[in-house]
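Step one of this worksheet: look at the structure below.
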Amino acid sequence: MAQEGQARGSHKLVAQLAKKGAAATHEDVKAAVALAASSEYKLLRWLIRGIPPVYLELETTFEVKPQQLGAFVNHFAANAAIRDINILINGIPIPDIAQVNVVVAGGEV
């Protein structure tokens, strides 16, 4: 894996989030998962796992409308840093909201 000086893309952004810790903002997290800060997806929570300088990963949970789900998943499917995507669709009998859990592998710090 890349060293801190050589980290790029999502790996670098996850490492920067780990350094910020509790001071990280929603915009910082959206940038780490390559979403525009102006995106309509609601970021519910995030968790940074790993103890530097070992291996970091960023787990995020977003809330999206079912109509946006396809575009949202396609965006993440094209990102090699994404390790896991889990989708929970809520609403009976008609789905009204979806929660998407995305894990970004951050690499070494």
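The values are calculated or read from the model by the stated rules, or taken from the named source; none is laboratory data. If you're wondering where the values come from, they're calculated on a predicted model, not measured in any experiment. As a convention, Cβ positions derive from the backbone with ideal geometry for all residues, glycine included, and neighbour counts pool all protein chains shown.
Which residues, taken from the range 2-31, are among the aliphatic types (A, V, I, L, M), surrounded by 12 or more Cβ atoms within 10 Å (Cβ to Cβ) and either modelled with pLDDT under 70 or under 18 Å from residue 63 (Cβ atoms) (or both)? Those that are among the aliphatic types (A, V, I, L, M), surrounded by 12 or more Cβ atoms within 10 Å (Cβ to Cβ) and either modelled with pLDDT under 70 or under 18 Å from residue 63 (Cβ atoms) (or both): 2, 7, 29.
Which residue is modelled with the highest pLDDT, if the candidates are limited to the range 64-86 and must be in a strand (DSSP E or B) and surrounded by 15 or more Cβ atoms within 10 Å (Cβ to Cβ)? First the steps, then the outcome.
Just the residues of the range 64-86 that are in a strand (DSSP E or B), to begin with: 64, 82-86.
With surrounded by 15 or more Cβ atoms within 10 Å (Cβ to Cβ) added as a condition, the list becomes 64, 82.
Working: 64: 90, 82: 84.
So the residue we want is 64.
Annotation note: Cβ proximity below 7 Å between a residue of the range 13-39 that is more than 19 Å from residue 72 (Cβ to Cβ) and a residue that is modelled with pLDDT under 75 and in a helix (DSSP H, G or I) (sequence gap 6+ or interchain) occurs for 15/4.
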